[in-house]
Structures are given as C-alpha cells and as structure tokens.
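Notes for the one structure printed next.
All of the numbers you see were taken from the coordinates with simple rules; none came from a lab. Here the structure is a predicted model, which is why all the values come from computation and not from measurement. Every residue, glycine as well, gets a Cβ built from its backbone with ideal geometry; the counts of neighbours run over all protein chains shown.
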Amino acid sequence: MSLENPFQDPLRFERRVPECAMVIFGAHGDLTKRKLLPALYRLAYERRLDAGFAVLGISRTPMSDDQFREKMCDSVKQFLEDSPFDADVWTAFAQGLFYMPGDIDDPGLYSALDARLKEIEAARHTGGNVLFYLSTQPSQYVPIAQGLGAANVGKSQGWRRIVIEKPFGHDLASARELSDQLHKAFEESEVYRIDHYLGKETVQNILAFRFGNGIFEPLWNRRYVNHVQITAAESIGVEGRGAYYQEAGSLRDMIQNHLSQVMATIAMEPSATFRPNSVRDERSKLLRSIRIMRPEEVLQNTVAGQYGPAHIGGEDVPGFRQEPGVKPDAQTNTYAAVTFFVDNWRWAGVPFYLRSGKRLPKRVTEIAIQFNAAPLAIFHGDEVNTAPNLLILRIQPEEGISLKFLSKRPGSGMQLRPVSMDFNYGSSFGERSPTAYETLLLDAIIGDATLYTRQDMVEASWNVVDAIQHVWDATKFEFPNYAAGTWGPKAADEMLARRGHVWRQP
Amino acid sequence: MGSTIAPDRILHEMADLWVSLGKQGEGETGVLRACSMTLVVAAEESDDEQAIGETLAALMPEHPSRAIVIRFRAEDRRALSARVFAQCWMPFGHRQQICCEQIEVTASDASLPDLAAVVLPLKVPDLPVVLWCRSPRVFRLAAFPLLSAIAQKVVLDSNAFGAPAAALQELSALVAAESLADFSWTRLTRWRELIAQIFENKAQLANLPRVSEIAITYSSPTPTASAYYMAAWLVDGFQKAGVAVRVNFASTPGPAGRQINRIDLRGQNGESIASVGLVEGQAAEIRVGELTSRAVLPPLTDYALMREELSIPGRDPVFERALAGAARLALS
C-alpha cells in the first residue's frame, strides 16, 4: 500500500499540515495570550490543524490543565482579531491543551516534559513531532535549549523544531554565542527564528509581486529606482517596556531585524526556486551586500532620536526619559534612521533609507520605492507635473499596494495630476487575511522556513548594525531631539536633503 | 424588448459609461477599471435578479470581470435587448475607485443561436471566459453549445437538474469536451478536506486499509448528486491505496439544504474508524478513534461556490474522475 494520503486535492485544499504537539515555554506570558493562542485557535477554526494537535504550556505559575484552558479561553476571546469565537470549536480545541508548571533551571522539568509528551503522543497521535516555542525572556533561550538537549526531549521518530523570538543577541558576538549554544541541542535547520514582519501578507506579496510578474522586475534596479524608503512608525511609546527598551533602542529593536529583513526581501535577487533555503540564500546574500559604514561615515548616514514630552490631542504625553523604569539621562534611541547602500550591480548608488521610531504621528509600516523622473521634462508647470512615480507597499495597518503615476487632467492644456492605482488586501480579497502568527506558526508546523531568519542572515545584519551602534555608543546625543507626535528629528530630514530627497509622510 | 442588439453599440455605451464614471470621480482620485475575466451568466428571466447582482458584486473585488448577464425567456420569437452599467466599490478611504462593467442582455430562447455572435465581440480580449449557467432548461437548449464554446469553463449546479442520476450522466457525457464545474461537487470541498486531513496523520493513514465500508447519509429520499460524488471520490481514494470498500447510502433526518449529513468510515466488523457529521448549525464533528474535534463549515452561498470555482481557471482532474465514478455509481 502507498503511504501517501490518497485524498489530497491540492487545487482546492489548503496546505497539508502534519500532526504535532507544540510546547510553549512562557505559557502564562503576554505573547502566548495575545498572539499564539488566538492564532492557534483561529487555525483550528479554519480546520487547518490535525484533530490531535496538542499544546503543552509551561511556566512557573502553578495551574491545572483546566485552569490553563480557562485562562486561554479568556485570552482567545479577548484577543481574537476579526474573527468569531465558536464555543464548540473551542471546546474541541481545548481538549488538546495541557499545562505543566516548572522552573526552566530545574533539570527535572525536562525529564517530566519528555514523559508528558509521550503521554500526549499516545493519546492524541501526534506522531512524535514536537514544536518548541520559546515565548520567554531571551536570557532563557540557552538554558531551555540546553535542558531540552540534555534530557533528549522529543527525540523520537518524529521531528523537533524550536522557535525563538527576537532579539537574537544584542550584537554580533552575542548572536553567535546564542547560535552556538542552540546548536548544541538543535541543528540549524531545526531552529526557526521568527520575525513576524515576514509573516505579513504584503511582505510575502513582495515576492509574488516581484517574481510573479514580468513587468516590474526590469525596473527593479539602479537604472530606474531613484531611492527606497522603508518606514516603521509607531504612535505609542514604550508602554511599560521602558526598562527593556532602554537597553535595546530602535536600531537594535527594529532596524537590525524587521526592517533589514524587509529590505532584503525588496532588494534580493530572484531565487532559482521557491524552496526555503533558496529564498533565504538570496536574502542572506543581499544582507551581506549592504555596505558596512566606516566610523567616520556613521553620523553622516544615520540619525538617532529620542522623543521628548508633548501635548497631543488634549493629553500630556511623557517624554521617553519620563517613562517608568527609564533613567533620566538615558541615551536610548527611540528613533533611528539610516541610509544604506547595497554593493552589487543591481543597486550600486541607490540609497535605501530605513527609519523606525516611537511616538511618531501614526502607526504605519510601508515601503516606498521612488522611481527616477522621466529623462526629459516635456510637461512644464507646477511641481505636480513632475511628481515621481511611487510604488508603495503598505505592511500595516492596511496591507496593500499602490502605484502612483501621472495622468492628464481633463480639459484643455496639458496639466498633469498624480493618480493612484490601489490594491488592498482587506477589501480586494473578500475574506480576512491570516495574521502573521497564523502564517508563521503553520509554516513552522509544516516545516517551511522560507519566512524565518537563518543564522547567517542574523549575523549579516548585526555586522551592518554593529558598525553604527559602536559609534552611537561613543557619542553623547542631545536628547530629546524630537517631540512626541512628530515625524522625528530634523536631522533625519537633513540626511535625505543631502541627496536631494524628502521623507514621504505616510 | 427590441429585436436585436449590436455589440458595437454596447461597446460604445460602455465607453460612455467610463466617461461618466470618470466625471463622478473627478478630483484627485479618478476611477479605475479592473478586469481579470469575462464572466457570462446565463439565467432564466424569472431568476432572482437582485440575488444574481449581489453575488456578482461580492465576486468583483476578488475576481474583477466584465460580467454579461443573459436572462432567457422561453419564447419562440427572436428577441434581444441589452443595457450596460457598472459595479463599483471603494477599497479604502471611502472613495469610489474601482469599477467593473456589467452588461445585461435579455434574450428569448429562439435568439440563443444569435447570442454567440454578440458575446464573442463583447468578451475582454486576452482574458478567460467563464460561463455560469444557472438554468438547466437553458443548458439543455439545442443551441447552448454555441454559447458554451466561447467559454474556457462552464459552471453548473446539477442539484437543480432534477434526478441526480440523469444529471450526472448528462455532465459525464460532456466533460471530455468541456471544462466543467458542478456546484454539487464544490459543496463537498470542506467535507473532503476534513476527511483528507484525518489521513494526514500517519497513525490514521496506517488505519486506512482497515476501512471496508463507507456510509453516506443524507436527508432526501434518494441519494443526492453530492452523495454520489462523495462516494465516488472516496472509492477512488481507497482504490489508489489498494483498499476495496463497499458503499452504503442511507436517508436520515437532518438539516434542510445540506446534501450530505454524515460520512462514516467503518471496519470489517462495523467498528467506526472515522466519521464526519453535521452536528448543529454550521458545525461538523470529526471523530477519529477517541478523538473528537469540531469545525465550522462556511455557508454554501452561490458567492462562496462561485468564488471557489473562479479560483480554478483550468480543468480539475479530481472532479473529472469523481464525476465519472459518480455517474457509474448512480447507474448501478
């Protein structure tokens, strides 16, 4: 008999999902409640998970299976996005939720975990496949990986994978150290470094847009692209994470990972196939092609910022230094803008401007690709007549793509006006898009690492960012240098103005 | 009703329509035309005009098309008339931005032979044509093949054809020549997916050879076309795995409007190996050994069914095999 499932219908069915158990370390934490469980429930609601799919939550808090189920039920109801809650689907899904209290530093936890997984496997036919999700402080990644390795947890006939959240180290050396430690228990192919930006529909659509269409790729180079702006703006402040953020800053927290991955997706060469390593090889190559700034270039090509207090919408908003847990003289960058150049034939000389900040006017993440103006301006008139062609890829809040071009204004004379051709995920496809965590969790269960970050990519982006961070660490900035609710420091505008460019205001 | 329509005039009216839409969208936004196919809908004149319009409007954002709705009247006199209008929607920012054209043609049965010559110049160049025939009567008109020959895909609902056995024979005879789709099959996708997912689990896949009987229950007095399709698809799957199974059809009380109530996969001694059954509302319960899970089945509206079919532009070999098997089963 063939061992293949004879009932598959790839034309109509969703991707095939294998049976597995998922172990969540930090099961009582915010990420589990806000993102992981709602995403898993939604996958169950969409019939995407195997009937025996199980979750085993681990944290220090003593709790029974039933108490865990109740807490997760409340979280799912509270944090489910654009989706109904179905009590019957939950009841069936909750039968697969289990809990184990334990201290990750206790070796006994791991042997108990192994025994519990074997029980679950027997009861729910999870096939010995285990996905470990580390929803904990990064300092706990290594002890957990070591504990799992020492007790051989989940090492049976099935597969084992481990998912970790950023930050992947705080510089190149610590990233390598983390990786070395993880590799003592897991092969690199078993390590899934999650970057939820890569799970967004639009980020995935960049690949479809670039490599599924023949008309854009010929324009995707230094000859036609004038510059690229990648913006990740948040309107909120540090929201109680002041102590953590004080050590991280925007450069490490956003540009080293999310934005450089997005930039790599925008600028990478076409991969030969859509296999995970093929795509990741190209992303990695691009990250390695980003020019590393010499110390004397850093302050010309980067801007660090920190928000000060402001009065917004009738409300007093504290500055970063007034946030709880933040030192009154903190030198933390809550805003970072950088100019990167890619040293390859496709992109030589094209600036990539990346900026990310907190307490900016609105929450928006987008990529703007500005094309060169027509070589000869035959339509004279106001500046609208020479507005550049822009391709905007919006990542949040409304995922979609817009192309701006000039069109003749009706009537006599040759007045042009910019028009926009828009594609919006929410309205263009009648149904909701999966959340980034739904996409990425399903990918990890299926074993598709395309949207996960590989160690060489992490190292390549740290290489670039470390060069900036070292100079920033040695610089005393005059912070705060932008008021909350504005688009960042004036110096960021000047950085673009030096090349004749202007930040787009999304 | 006028007696003839000229495609050139319709095309001219459509051009005027875009001019007038452009004027309404004056300002910074303009109006954009989107089109990924020509969708021809053949319906009875008595068919619910509003329901068709709402279904097309719902389909447009995902499958923007030039829609040609032909409403047929059982009449011997040759008569045709047409009007054009646009379906527009506002993607975001509450601006009228994207519009699709819709042409409504009213035709008598006798003018069906003339219609191909009307539709042909109206179809959008270089894009596929899908014909959704909502009326079995129109489908059976002698001149219908002239119209369906323009389409790359013909979508039908055998559920409306009357006796399922005869309908399946009819479709089966056509499938070699036409790329067909049948809503009675489309309605089964979520059921089939639930069954396929059971056997994604290796432990359950190992149980597959234990299955010797398939029981399919439905509410109607005789097996529905969907029940025959399901049985044929399951038998085909088991055959691929080298497993011979027998099929039992049974009628049981169940929610109205569902073509199937329950599917049981049983072993030699009647023991349950897996089952999928409707429980309440839109929910299905999946039982595999001791494990029970629930799934919400989406409502099977014309929009949902058509949306699925429009996502499959070419031939569907799984459907075609199931149709052949279902036609054989219905005869036996």
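Using a cut-off of under 16 Å, list every residue of segment B:234-249 whose amide N is near the label point 7 Å from the Cα of B:Q268 along the Cα-to-beta-carbon line.
Taking a point 7 Å out along Cα→Cβ of B:Q268, the residues of segment B:234-249 whose backbone N falls under 16 Å are B:243-246.
Do any of A:K200/A:K490; A:K33/A:K200; A:K71/A:K358 go past 25 Å between their Cα atoms, and which? Write down the numbers at each step before the final one.
Working: A:K200/A:K490 31 Å; A:K33/A:K200 20 Å; A:K71/A:K358 31 Å.
Too far apart for the 25 Å limit: A:K200/A:K490; A:K71/A:K358.
Suppose the chain between A:H311 and A:R222 were pulled fully straight at 0.36 nm per residue; how much longer would it get relative to their current alpha carbon spacing?
27.8 nm
Given R₀ = 41 Å, what would the calculated FRET efficiency be for A:S174 paired with A:S407, taking r from the Cβ atoms and rounding to 0.05? Kindly include the intermediate steps, with their values, before the conclusion.
Working: r = 52 Å, r/R0 = 1.27.
Given R0 = 41 Å and the Cβ-Cβ separation, E is 0.20.
Which angle from 0 to 90°, rounded to the nearest 10, does the C-alpha axis of helix A:201-212 make with the longest principal axis of chain A?
The helix A:201-212 is inclined about 70 degrees to chain A.
Add -39500 (n - 2.57) for each DSSP H run of 4 or more in chain A, then divide by its residues: what number comes out at 222 nm, to the nearest 500 deg cm²/dmol?
Details: 15 runs with 164 residues, N = 506.
Value at 222 nm, helices only: -10000 deg cm²/dmol.
What does the charge count around A:P276 come to, taking other residues whose C-beta lies under 10 Å from its C-beta (Lys +1, Arg +1, Asp -1, Glu -1)?
Working: positive: A:R275, A:R280, A:R454; negative: A:D281, A:D443, A:D448.
With Lys, Arg at +1 and Asp, Glu at -1, the net is 0.
Which of B:K202, B:K123, B:K153 moves the most in a Gaussian network model of chain B with Cα springs under 10 Å?
The residue with the greatest mean-square fluctuation here is B:K202.
Among the complete DSSP H segments of chain B, which ones combine at least 24 Å of alpha-carbon extent along their axis with a mean Kyte-Doolittle hydropathy of -0.5 or more? Walk me through the numbers on the way to the answer.
On the way: long enough: B:7-24 (26 Å, -0.31).
Going by DSSP H runs, the hits are B:7-24.
First select every other residue whose beta carbon is under 12 angstrom from the beta carbon of A:R222; then total the charges, Lys and Arg +1, Asp and Glu -1.
Numbers: positive: A:R223, A:R346; negative: A:D343.
Charge balance near A:R222 sits at +1.
Does the protein assembly as shown come out rounded, prolate or oblate, given a ≥ b ≥ c as the square roots of the eigenvalues of its C-alpha gyration tensor, rounded meaning a/c under 1.5 and, failing that, prolate meaning a/b above b/c? Could the numbers behind the result be given before it?
Working: a/c = 2.35, a/b = 1.20, b/c = 1.95.
In terms of gyration-tensor shape, oblate.
Report the calculated FRET efficiency for A:A377 and A:K476 (r = Cβ-Cβ distance, R0 = 35 Å), to the nearest 0.05.
Values: r = 46 Å, r/R0 = 1.30.
Taking R0 as 35 Å, the efficiency between A:A377 and A:K476 is 0.15.
Whole Å is fine, so just give me how far the alpha carbon centre of segment A:92-152 lies from that of segment B:161-175.
About 55 Å separates the Cα centre of segment A:92-152 from the one of segment B:161-175.
With the crude spin-label approximation of a point 7 Å out along Cα→Cβ, what separation in nm comes out for B:E49 versus A:R291?
6.7 nm
For the Cα atoms of chain A, what angle does the longest principal axis make with the long axis of helix A:436-446, in degrees from 0 to 90, nearest 10?
In chain A, helix A:436-446 runs at an angle near 50 degrees to the longest axis.
Nearest 10 degrees is fine. How inclined is helix A:276-289 to the longest principal axis of chain A, computing both from alpha carbons?
Helix A:276-289 sits roughly 40 degrees off the main axis of chain A.
Using a 7 Å offset from the Cα along the Cα-to-Cβ direction at both A:N344 and A:L11, what is the distance between the two label points in nm, to one decimal?
About 3.8 nm separates the two model spin labels.
Among the aspartates and glutamates, select those whose C-alpha is under 14 Å from the C-alpha of A:K77, and discard any that sit fewer than 8 residues away in the same chain.
List returned: A:D86, A:D88.
In the neighborhood of A:K33, defined by Cβ-to-Cβ distances under 9 Å, what is the net charge if each Lys or Arg adds +1 and each Asp or Glu adds -1?
+1
What are the lysines whose alpha-carbon lies under 22 Å from the alpha-carbon of A:K118, with same-chain residues fewer than 8 places away excluded?
A:K155, B:K202
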